[in-house]
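**Student:** Have a look at this one before I ask anything.
The values are calculated or read from the model by the stated rules, or taken from the named source; none is laboratory data. Since the model is a prediction, treat every value here as computed from it, not as a measurement. Every residue, glycine as well, gets a Cβ built from its backbone with ideal geometry; the counts of neighbours run over all protein chains shown. When the accessible area is computed, the model is the full protein with side chains, heavy atoms only, and any ligands, DNA or RNA have been set aside. Shrake-Rupley method; radii C 1.70, N 1.55, O 1.52, S 1.80 Å.
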Amino acid sequence: MTKPTRKFRYPTKDSAPVRIALTLAGVAYIALFLLTPLIAVFAEALRNGAAAFLAAVTEKDALAAMWLTLTVAAIAVPLNTIFGLAAAWSVAKFDFWGKSVLITLIDLPFSVSPVISGLVYVLLFGAQGYLGPLLDELGIKVIFTVTGLVLATVFVTFPFVARELIPLMQEQGVAEEEAALSLGASGWQMFWRVTLPNVRWGLLYGILLCNARAMGEFGAVSVVSGHIRGLTNTMPLHVEILYNEYNFAAAFAVASILALLALVTLVLKSALEWRYGDEIAAAHRH
Amino acid sequence: MALKIERITKRFGTVSAVREVSLTVEKGEFMALLGPSGSGKTTLLRVVGGLELPEEGTLSFDGHDLTHVPARERRAGFVFQHYALFKHMTVAQNIAFGLDVRPMGKRLARREVNQRVEALLNRMQLEGLGKRYPSQLSGGQRQRVALARALAIEPLMLLLDEPFGALDAKVRKDLRQWLRALHDETKLTTIMVTHDQEEALALADRVAVMNEGRIEQVGRPRELIEKPASAFVREFLGTDGEGI
């Protein structure tokens, strides 16, 4: 009959006070840096009441900004989906000279400040830029137009889909593709029936991230936009203009719509994670 | 006649994986390619299946030149070492794949495809597993699905890459007898790659022993054991005849 002198504690478990303190610190940090700003956006947006909020978000230029943001995303995201898929496919499934250079290039937009990417576009396509005179003769305008906004957004959001897919495709190897070919599939059938279904959740995840960034991008877009109200102002740019004009309620109202779009993306992403957690976890080893 | 491999060479960079290998596999024969890892046996099998293009040499089946025929047109039933089953498809969809991807004019009616899949499931002792996904199967069952999938396209030859490599000893022995019985029934020209001499000697009609990209000796199991052509063959087989 031995009496336990001390209560057994699992080696990986800390004492109650330590656990509570750590949890509180974590929650406080998240609340302070993530939750408070989000609440503040909505609180400020509704400060002058629902009617003022509605007026601000249905104002002509605000609607134009929303429409433009959606348009830019609707062009940039599909483009980067296709090119990201192509890039990931070639990097993951083939060996070729210059592969590491290509991988570095894919990552470039992540490592360059978006403002600089915007400036590079001005340097290339602007009136005084390298290609400016040529484009001028052809009657094509890039800078201060929607075309410029789309180009800048495509550049900044290029890595999302490719980055998501490369590790996933590398891990999967080419065995299933070889099996498909030996069973008589054409290259096209192999891609649609085997390669694509195998990466579908990773792809969707990449598209969501790409979309979130495309709608929220500020720096690069700001440089090439020219801030023409109702024409080349996307939502983030419109928010800035309103804010600089001391029109805080309207600025926050538009910002809250942008935040709402981001929240929808997040909810979709969480729903995907919840439903297909294992598959996505396998895709997410970077 | 059947499959004729003539002076095939396959290099990867500066390394020759297969060097001027010639081998004839008779119609309906069960041939084993036996050798240690790195001996070039899998590369040779992949050349036959059209998954690698040889730098030199020719390949023919029944007198038809196969050397430059793409994999998808070779009708070689390839069974991969780790099965390479399509994870996102059910067992039935896996087996039907080769029939589903046929060009428009040659495609079978849905009902006919289903009948064929059902027949293969029965023959492979996979009754009732058609709706499962590969991840819900045991290793031995996956192996049989891979075989069924390869047989569904009515292949001209069966190419097996270490078919029992990933299975435990007990399942290996069972599947071995079962595979031999299947071969005797279908009479398909078969090439099996293995590094297990016991397996090769017990299963195959003839065995080609490979070493460093070359074939050291080809012969019936008993011949190899009684008259090994080189020290390597003698050592690799262990000449006390325990394999038979």
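**Student:** Per residue of the range B:64-73, what does 6.51 cos²θ - 1.76 cosθ + 1.60 with θ = phi - 60° give for ³J(HN,Hα)? Whole Hz please, x for Gly and Pro, Karplus curve as stated.
**Tutor:** In residue order, the calculated couplings are 8, 5, 10, 3, 10, 7, x, 3, 5, 9 Hz.
**Student:** Carbon and sulfur: what percent of the range A:1-67's accessible surface (1.4 Å probe)?
**Tutor:** Working: 4150 of 5830 Å².
That share works out to 71 percent.
**Student:** What accessible area per residue comes out for the range A:116-198, rounded to a whole number of Å², with a 1.4 Å probe? Write down the numbers at each step before the final one.
**Tutor:** Working: 3780 Å² over 83 residues.
About 46 Å² of surface per residue is accessible.
**Student:** Next question. Quick one: which residues, 5 or more positions from B:LEU160 or on another chain, have an amide H under 5 Å from its amide H? H modelled 1.01 Å from N in the peptide plane, none for Pro or chain starts.
**Tutor:** B:VAL79, B:ILE191, B:MET192, B:VAL193
**Student:** I would also like to ask the following. Over chain B, what percent of the accessible surface lies on carbon and sulfur atoms, probe 1.4 Å?
**Tutor:** On the way: 5360 of 11230 Å².
Carbon-and-sulfur percentage of accessible area, whole number: 48.
**Student:** Would you mind checking the pairs A:LYS93/A:LYS141; A:LYS60/A:LYS269; B:LYS10/B:LYS173; A:LYS93/B:LYS187; B:LYS106/B:LYS187 and listing those with alpha carbons more than 27 angstrom apart?
**Tutor:** Values: A:LYS93/A:LYS141 38 Å; A:LYS60/A:LYS269 31 Å; B:LYS10/B:LYS173 33 Å; A:LYS93/B:LYS187 36 Å; B:LYS106/B:LYS187 25 Å.
Going by Cα-Cα distance, A:LYS93/A:LYS141; A:LYS60/A:LYS269; B:LYS10/B:LYS173; A:LYS93/B:LYS187 fall outside the 27 Å limit.
**Student:** Same structure, new question: Ranked by accessible surface with a 1.4 Å probe, highest first, in what order do B:ASP65, B:ASP196 come? Intermediate results must be reported in sequence, preceding the final value.
**Tutor:** Numbers: B:ASP65 90, B:ASP196 30 Å².
The ranking, largest first, comes out as B:ASP65, B:ASP196.
**Student:** Which ³J(HN,Hα) values, rounded to whole Hz and listed in residue order, are derived for the range A:154-171 from phi using the Karplus coefficients 6.51, -1.76 and 1.60 in 6.51 cos²θ - 1.76 cosθ + 1.60 with θ = phi - 60°, glycine and proline given as x?
**Tutor:** In residue order, the calculated couplings are 4, 4, 5, 9, 4, x, 4, 5, 4, 4, 5, 8, 4, x, 5, 5, 5, 5 Hz.
**Student:** Here's another thing I want to ask about it. Show me the GluC sites (Glu not before Pro) within the range B:105-134 that DSSP assigns to loop and that have at most 16 other Cβ atoms within 10 Å of their Cβ. Working shown, then result.
**Tutor:** Values: sites: B:GLU112, B:GLU118, B:GLU127; in loops: B:GLU127.
When the GluC sites (Glu not before Pro) of the range B:105-134 are filtered for loop state and at most 16 Cβ neighbours within 10 Å, B:GLU127 remain.
**Student:** Suppose R0 equals 45 Å; then what is the FRET efficiency for A:LEU32 and A:ARG200 from their Cβ-Cβ distance, rounded to the nearest 0.05? Each step should come with its number before you reach the end.
**Tutor:** On the way: r = 37 Å, r/R0 = 0.83.
Result of the calculation: an efficiency of 0.75.
**Student:** Amide H of B:GLN217: which non-local residues (sequence gap of 5 or more, or other chain) have their own amide H closer than 5 Å, using H built in the peptide plane?
**Tutor:** Residues meeting the criterion, in which the H sits 1.01 Å from N, are B:VAL209.
**Student:** Suppose R0 equals 41 Å. What FRET efficiency, 1/(1 + (r/R0)^6) with r the Cβ-Cβ distance, do B:ALA109 and B:ASP65 give to the nearest 0.05? Show your work: numbers first, answer last.
**Tutor:** On the way: r = 34 Å, r/R0 = 0.82.
Plugging the Cβ-Cβ distance into 1/(1 + (r/R0)^6) gives 0.75.
**Student:** Please give the per residue accessible area of the range B:124-244, computed with a probe of 1.4 Å over protein heavy atoms only, in Å².
**Tutor:** Working: 5540 Å² over 121 residues.
That works out to 46 Å² per residue.
**Student:** Of B:HIS183, A:HIS227, which has the most accessible area and how do the rest follow, probe 1.4 Å? Write out the running numbers ahead of the final one.
**Tutor:** On the way: B:HIS183 10, A:HIS227 65 Å².
Descending order: A:HIS227, B:HIS183.
**Student:** At a probe size of 1.4 Å, how large is the accessible area of A:ILE207, to the nearest 10 Å²?
**Tutor:** Its heavy atoms expose roughly 40 Å² to the probe.
**Student:** Anyone know which of A:LEU68, A:LEU165, A:LEU181 comes out most mobile in the 10 Å Cα GNM of chain A?
**Tutor:** Looking only at A:LEU68, A:LEU165, A:LEU181, the largest GNM fluctuation is found for A:LEU181.
**Student:** Can you give the accessible area of A:ILE257 in Å² (nearest 10), computed on protein heavy atoms with a 1.4 Å probe?
**Tutor:** The accessible area comes out at roughly 40 Å².
**Student:** Need the full-extension length gain, A:ALA271 to A:VAL57, defined as separation in residues times 0.36 nm minus the C-alpha distance. One decimal, nm.
**Tutor:** Values: separation 214, 0.36 × 214 = 77.04 nm, distance 2.82 nm.
Stretched out fully, the A:ALA271 to A:VAL57 stretch lengthens by 74.2 nm.
**Student:** Take peptide A:183-196, look around each residue's Cβ out to 10 angstrom, count Cβ atoms belonging to other protein chains, and average those counts.
**Tutor:** Details: counts 19, 15, 7, 4, 2, 1, 6, 2, 0, 0, 7, 7, 0, 1.
Mean partner shielding for this stretch: 5.
**Student:** Can you compute the FRET efficiency between B:GLN177 and A:SER15 using 1/(1 + (r/R0)^6), with r the Cβ-Cβ distance and R0 = 51 Å? Round to the nearest 0.05. Please report the intermediate quantities before stating the final value.
**Tutor:** Working: r = 61 Å, r/R0 = 1.19.
For R0 = 51 Å, the calculated efficiency reads 0.25.
**Student:** Could you tell me the ratio Rg/Rh of chain A? Both radii from Cα atoms, Rh via Kirkwood. Each step should come with its number before you reach the end.
**Tutor:** Details: Rg = 24.3 Å, Rh = 22.2 Å.
Rg/Rh: 1.09.
**Student:** Report, in deg cm²/dmol and to the nearest 500, the calculated mean residue ellipticity at 222 nm for chain B, where each DSSP H run with n ≥ 4 adds -39500 (n - 2.57) and the sum is divided by the residue count.
**Tutor:** Details: 8 runs with 85 residues, N = 244.
About -10500 deg cm²/dmol.
**Student:** Using a 1.4 angstrom probe on the protein heavy atoms only, could you order A:ARG9, A:ARG163, B:ARG234, B:ARG111 from most to least accessible area?
**Tutor:** Working: A:ARG9 145, A:ARG163 65, B:ARG234 120, B:ARG111 175 Å².
Ranked from most to least accessible, the order is B:ARG111, A:ARG9, B:ARG234, A:ARG163.
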